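Inspection log for the structure reproduced underneath, given as C-alpha cells.
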Amino acid sequence: MKAIAVTPGAGVPEVVERPVPEPSPGEALVRICRVGVDGTDYEVIDGTHGGVPDGDDRLVLGHEAVGIVEDANGTALEEGQYVVPTVRRPPAGVETNGYFERGEPDMAPDGEYVERGIVGAHGFMAEYITSPVDCLVPIPAELAQWGFLVEPISITEKAIEHARATRSAFDWRPESALVLGTGSLGLLTTAMFAETLGYERVYCLGRKDRPHPTIDIVERLGATYVDSRETPVPEIPDVYESMDVVYEATGYAKHAFQSIEALAPNGVAALLGVPDDWSFEVDGGRLHRELVLHNKSLVGSVNSNRRQFEAAVDTLAGLPDWLLEELVSGVYGLESVDRAFPEATARVPAAGGSTGSDSDDDTTIKTAVEFTSI
Ligand code: NDP
Ligand code: ZN
C-alpha cells in the first residue's frame, strides 16, 4: 500500500510503499479516506517536534484522519462505518498504563505515551491503518468528508473544558472571547466561539493584510478581526474590551503573558501554542498581581481524549458548510502530495532554480490528503 513518510529534519514528505497492516485481536483495519495537514506536521517534517519510532529512520505522517472500517475483525464496529482515530497510544511494548486505563491519555506526561504521526508511532497517512477499536470514534457518513477536522476541534474541546473547570467554583457567565492566531486551529476555534459555544462577542487576532480569506472567514462568522500590528494584545482592552476568555493559538511566546493583560477580571486564558525557547523581559510583578487581584487563570492544554473527540463530532455537525468549504482550501490525491504540503515544498529548490509548488500562496488555510474518495 502507499503511505506518506518523511525523514524528520532532512526531507519533504514522500510517497512510500509499505505492507498493509494486519489487525491484532481488539483492533480493526481501517481504509483511510482523508488526512489533514496542520502546523504540527510541519514541525515534525522540520524535525523540531516529535520523532520516529525506535528502529526506524522515517515516520509515516498524519494525525488528523477519517477512514472507513474495512475489517471489523470481530469487534463491535461495523464494516462500512466511518471512524476518526484518536492520536495517543501507550509506548511501544507497553500494553497500557493508568492514564490510558482512566481514558485520560491526554494527561499522560512524556514517556507515558506515543502519538501516531507525531512522536514514536507511525501516523495515518497510509491507505490502511490498524487501531484498537476504543481509539476509533464513529462519525456519521454525512460528516465524513470533514472528519479530519474532528481531531483539531477536539483540541479546543479539551482546552475549553479545562478553562471552564478553572471557573467552576463560581457563577461564571462569559460573553467575550479572543482567539490569538488565524491558523487552522485559531479559525476553527473562532468558529466554535461564534457558532457552537454561544459567545456574544468574538475577536480573532492575526497579522494578515486585507483582503485575505482568513479575515473574510472571521468577519462572516460575525467576529471582529484584530490586526496585531495595529493593536498588540495588551492594548486590546482599551481599543475593544477586556475578554472573559483568551485562547492562544499562535505559538508566539509573548502572547502567553500578554493574555493576562487582555483578560477581564475573573477571566481565563487557555494556552495552546508550542513555542521554541525564547528569553525576553516581562514585568513579572505586574502580571503576578493581575492574576491574583482579579481572580484570573492561565491554563495550558495539549492533546485530547476520546470523550473530547466525541464532543468534537457534535461540534462539527453544528458548524456551517460554508465555513468548512472556505477553511479547507485544498484536498489532494497522492499524485499531487506536494500541494498538500505547500510550506514544506516551498523550502526545497526545484529543478530550474525556483522554489516549491505553485500552490504555496499565502491564501492556503488548511489542506488534506485524500487516499479514498468519500
Ligand atoms: P499555524 O502555524 O497554522 O497558525 C499559527 C498562526 O498564528 C498563524 O496564522 C500566524 O500568522 C499566527 N501568529 C503567529 N505569531 C503571531 C503574532 N505575533 N501576531 C499575530 N498572529 C501571529 O498553527 P495551527 O493553527 O495549526 O496551531 C496553532 C498553534 O497551536 C501552534 O503553535 C501549534 O503548534 C499549536 N498546537 C497545539 C496543540 C495542542 O494540543 N496544544 C494542537 C495543535 C496545534 P501567520 O500566518 O501570519 O504567520
Ligand atoms: Zn494537529
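The values are calculated or read from the model by the stated rules, or taken from the named source; none is laboratory data. Computed from a predicted structure; not experimentally measured. So basically every Cβ, Gly included, is an ideal-geometry build from the backbone, and we count neighbours across all protein chains shown.
Close contacts from region 28-55, counting a first residue that is assigned by TED's automatic domain parsing to the domain that holds ILE365 and farther than 30 Å from ALA141 by Cβ and a second that is charged (D, E, K, R) and within 16 Å of ligand 2 (Cβ to nearest atom), with Cβ to Cβ under 9 Å and a gap of 6+ residues or different chains, come to TYR42/GLU343; ILE45/GLU343; HIS49/GLU43; GLY50/GLU43; GLY50/GLU115.
In the list ALA177, ALA144, which residue meets the criterion of being touching a strand residue (DSSP E or B) at 6+ places or on another chain (Cβ under 9 Å) and farther than 25 Å from CYS33 by Cα?
On the way: ALA144 fails: farther than 25 Å from CYS33 by Cα.
Exactly one of ALA177, ALA144 is touching a strand residue (DSSP E or B) at 6+ places or on another chain (Cβ under 9 Å) and farther than 25 Å from CYS33 by Cα, namely ALA177.
When ILE118 is tested against (1) within 16 Å of ligand 2 (Cβ to nearest atom); (2) surrounded by 24 or more Cβ atoms within 10 Å (Cβ to Cβ), only condition (2) is not met. For region 199-216, residues that are surrounded by fewer than 23 Cβ atoms within 10 Å (Cβ to Cβ) and more than 9 Å from ligand 1 (Cβ to nearest atom) total 10. Selection over region 24-44 of residues that are of a type in the set (Gly, Ala, Ser) and part of a helix (DSSP H, G or I) gives a count of 1.
Per the listing ALA10, ALA5, ALA65, the residue uniquely surrounded by fewer than 16 Cβ atoms within 10 Å (Cβ to Cβ), on the phi < 0 side of the Ramachandran plot and touching a residue at least 24 places away in the same chain (Cβ under 8 Å) is ALA10. For region 342-372, taking the residues that are modelled with pLDDT of 95 or more and part of a loop (DSSP other than H, G, I, E, B), the one that is nearest to VAL12 (Cα to Cα) is identified as PHE371.
How many of the residues in region 83-120 are assigned to a strand (DSSP E or B) and out of contact with any strand residue (DSSP E or B) (no Cβ under 7 Å at 6 or more places or on another chain)? Talk me through it step by step, then tell me what you get.
Filtering region 83-120 down to residues assigned to a strand (DSSP E or B) leaves 83-85, 88-89, 114-116, 119-120.
Those left that are additionally out of contact with any strand residue (DSSP E or B) (no Cβ under 7 Å at 6 or more places or on another chain): none.
So the count comes out to 0.
In the condition set (1) part of a loop (DSSP other than H, G, I, E, B); (2) within 15 Å of ligand 2 (Cβ to nearest atom); (3) farther than 18 Å from VAL337 by Cβ, GLY62 is compliant with all but (3). Of the residues contained in region 41-51, none is found to be closer than 30 Å to LEU316 by Cα and away from ligand 1 (no atom under 16 Å from the Cβ). Taken residue by residue, region 227-247 has at least one member that is modelled with pLDDT of 95 or more, under 19 Å from LEU149 (Cα atoms), surrounded by 14 or more Cβ atoms within 10 Å (Cβ to Cβ) and not small (Gly, Ala, Ser). Out of region 126-165, which residues are of a type outside the set (Val, Ile, Thr) and within 16 Å of ligand 1 (Cβ to nearest atom)? Hits for region 126-165 are PHE148, LEU149, GLU151, PRO152, SER154, GLU157, LYS158, ALA159, GLU161, HIS162, ALA163. When we screen VAL69, VAL52, VAL20 for residues that are touching a strand residue (DSSP E or B) at 6+ places or on another chain (Cβ under 8 Å) and closer than 17 Å to ASP134 by Cβ, the only hit is VAL69. Among the residues making up region 187-215, those that are within 21 Å of the chain's Cα centre (by Cα) and among the basic types (Lys, Arg) are ARG207, LYS208. Say whether the condition of being crowded, with 16+ Cβ neighbours inside 10 Å and in contact with a Leu (Cβ under 8 Å, 6 or more places away or on another chain) is met by at least one residue in region 158-171. Within region 158-171, one or more residues are crowded, with 16+ Cβ neighbours inside 10 Å and in contact with a Leu (Cβ under 8 Å, 6 or more places away or on another chain). When the residues of region 303-345 are filtered to those that are without any contact (Cβ under 8 Å) to a residue 24 or more places away in the chain and among the acidic types (Asp, Glu), which remaining residue is nearest to ASP362 (Cα to Cα)? Among them, the one singled out is GLU325.
Here's the yes/no breakdown for (1) out of contact with any helix residue (DSSP H, G or I) (no Cβ under 9 Å at 6 or more places or on another chain); (2) not hydroxyl-bearing (Ser, Thr, Tyr):
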{"residue": "TYR113", "(1), (2)": "no, no"}
{"residue": "GLY123", "(1), (2)": "no, yes"}
{"residue": "VAL133", "(1), (2)": "yes, yes"}
{"residue": "ALA141", "(1), (2)": "yes, yes"}
{"residue": "VAL150", "(1), (2)": "no, yes"}
{"residue": "SER154", "(1), (2)": "no, no"}
{"residue": "ARG164", "(1), (2)": "yes, yes"}
{"residue": "SER168", "(1), (2)": "yes, no"}
{"residue": "TRP172", "(1), (2)": "no, yes"}
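Looking only at strands (runs of 3 or more DSSP E) that fall completely inside region 206-281, which ones have 1 or more residues that are among the charged types (D, E, K, R) and within 16 Å of ligand 2 (Cβ to nearest atom)? Before the answer, list the steps.
Details: elements: 224-227, 243-248, 263-271.
The qualifying strands (runs of 3 or more DSSP E) are 243-248.
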